[in-house]
Amino acid sequence: MLRRQTASAVGVCAAGVALPATVLLLVGRHEYMPGSGVHFWGVGFGAILATVAALALTIVGWRRNDARTVLVGTAFSVMAALLALHGLATPGMIMGYEGGLGAFTGGATLLLGAAVLALAALPTVTEPQSVNRLVVLQVILIVAIAILGAVGMLVPSVVPDVPEAGGALALSLLAVGLLLYAFLGVRAINTYLLTRRLSDLLVVLGLSFLATALVAALVLDYMQLGWWLGHGFELLGIALVGIPVAIDLSRAQPSRSLTGGPRAGELVQAEQAFLGARVRALTLRLAEKDAYTEGHTRRVALRAVLVGEELGLPPNRLRSLATGGLLHDIGKLSVPDEILKKPGALDEDEFAIIKRHPEWGHKLLGELGGFSDLVRRLVLDHHERLDGAGYPHGRTALDLDLETRILTVCDVYDALLSVRVYRDAWTHDKAIGLLREQTGSAFDPGCVAALERVLARDALVLGVAV
């Protein structure tokens, strides 16, 4: 069912992505001249309102110390401000017919906005400490746009009349711009594969409108319908990509849709936002049953997705690993409290009951429905070992996928570091020593090595003394 819902959502979005390009291709070169007033009032003042909204977005992000939101606000405000200037520079309204302010701002709007958004690929740009630097960048860009507008209106001849529609410069800028929007589109798709939120699909749709608007701005001229449609596509694109940002802000969550999506670890830390209410409900039930087990599953899931990220797992598999990690011990809901919380070592019969929790968890998720085969397999197989010495089915290396191997290593590591009634917590070095000792027999060598790298890099985040 989940696959069908996802496929349907992606299909609808794909149709939407093709829509603006199809419209432009079919009617873009038709002659159309609605008059200067339509351009001046519709584009100019519509973009002014968008500029105000974008500046408000920046202010909210700055107050929350959210660099990603500030970055999006910066890009939107620059795009909207340039578009507003483009509308106000309509020949025959405030200005005459000389000068190139209208052409220059029309060509720069979408390119500069995409370039600002692409800065999110630099890891340091989206860190909280970059907020003030991004605000300064936005102020500089807005002031530069204001100066450009003032100079262009007072001394029109100063601003060159470039790029010429369809000319060599315009086509070169178009190639650069389309590459930037393709880059942003791939990041937006990866975000959706991680979050599975329909709102994040709107970003992909919005980027397609912006990319189509760029084609219209650089290839067509003001006497063609496509040029006019491009302005509408641009405003609509800004609105579409802004919806997920607004939704996240309304929920007091950092915005991720336009800046590469959440890090894998964030899927675990904010499971209700990114993995859904059902996963959250199950983790709450587990916490009510046994707080230690719920804390253990959360730590295991966090380390597992970081290891998966380290090993290059794609977004859809990272999402499944996060879900499977959070729910891998959900079968313990069926274990009697007197066994699960026994203040001492388990006897043979009690341990036999504990060993059934993977099967009980697998069955529970099957009855609930909506969980992928991979998630259910992680729940079932997380106690299996490469040499077949694990349980419940004694599977061997040939039957264990990479996600299961990752989860197994992280599960054992956390269990060893935890205080138990029958033993003290192990140190990091001692736990890693056991994993190394059993590498190749019980545990996957690549997964153990990746866990060591993750722990060395993110020790403070993971709460481990390395």
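Some notes on this structure:
- Long-range neighbours under 8 Å by Cβ, at least six apart or interchain, first residue in the same structural domain as residue 213 (by TED's automatic domain parsing) within segment 165-182, second among the β-branched types (Val, Ile, Thr) and surrounded by fewer than 18 Cβ atoms within 10 Å (Cβ to Cβ): 169/162
- Once segment 188-210 is narrowed to residues that are touching a residue at least 60 places away in the same chain (Cβ under 8 Å) and of a type in the set (Gly, Ala, Ser), the residue that is farthest from residue 107 (Cα to Cα) is 188.
- Annotation note: of 83, 119, 111, 88, the sole residue that is assigned by TED's automatic domain parsing to the domain that holds residue 230 and under 19 Å from the mean Cα position of the chain (by Cα) is 119.
- Failed criterion for residue 42 (all others in (1) within 25 Å of residue 207 (Cα to Cα); (2) modelled with pLDDT of 85 or more; (3) in contact with a His (Cβ under 8 Å, 6 or more places away or on another chain) hold): (2)
- Yes/no for residue 405 being charged (D, E, K, R) and at pLDDT 95 or above: yes
- Residue ID - modelled with the highest pLDDT, chosen from residues in segment 224-256 that are assigned to a loop (DSSP other than H, G, I, E, B) and in contact with a helix residue (DSSP H, G or I) (Cβ under 9 Å, 6 or more places away or on another chain): 251
- The set of residues in segment 208-220 that are part of a loop (DSSP other than H, G, I, E, B) and of a type outside the set (A, V, I, L, M) is empty.
- Scanning segment 161-207 for residues that are outside any helix (DSSP H, G or I) and either of a type outside the set (D, E, K, R) or on the phi > 0 side of the Ramachandran plot (or both) turns up 162, 163, 165, 166, 167, 196.
- Enumeration of residues in segment 412-428 that are over 17 Å from residue 445 (Cβ atoms) and not in a loop (DSSP other than H, G, I, E, B): 414, 415, 416, 417, 420, 423, 428
- On inspection, residue 165 fails the criterion of being out of contact with any Ser or Thr (no Cβ under 9 Å at 6 or more places or on another chain) and modelled with pLDDT of 90 or more.
- Within segment 321-334, being surrounded by 20 or more Cβ atoms within 10 Å (Cβ to Cβ) and outside any loop (DSSP other than H, G, I, E, B) holds for 321, 322, 323, 324, 325, 326, 327, 330, 331, 332.
- Residue among 443, 371 that is aromatic (Phe, Trp, Tyr), within 29 Å of the chain's Cα centre (by Cα) and over 26 Å from residue 344 (Cβ atoms): 371
- Whichever residue in segment 204-231 is out of contact with any Phe, Trp or Tyr (no Cβ under 8 Å at 6 or more places or on another chain) and aliphatic (A, V, I, L, M) and, among such residues, is surrounded by the most Cβ atoms within 10 Å (Cβ to Cβ): 218
- Each residue in segment 1-31 was checked for being farther than 17 Å from residue 204 by Cα and at pLDDT 85 or above, and 9 of them qualify.
- Count - residues of segment 152-175 that are surrounded by fewer than 13 Cβ atoms within 10 Å (Cβ to Cβ) and closer than 24 Å to residue 240 by Cα: 1
- Which listed residue is assigned by TED's automatic domain parsing to the domain that holds residue 321, in contact with a helix residue (DSSP H, G or I) (Cβ under 8 Å, 6 or more places away or on another chain) and either under 25 Å from residue 317 (Cβ atoms) or surrounded by 15 or more Cβ atoms within 10 Å (Cβ to Cβ) (or both), from 398, 455: 455
The values are calculated or read from the model by the stated rules, or taken from the named source; none is laboratory data. Quantities reported herein were computed from a predicted structural model and do not represent experimental measurements. Cβ sites come from the backbone with ideal geometry, for glycine too, and all protein chains shown count toward neighbours.
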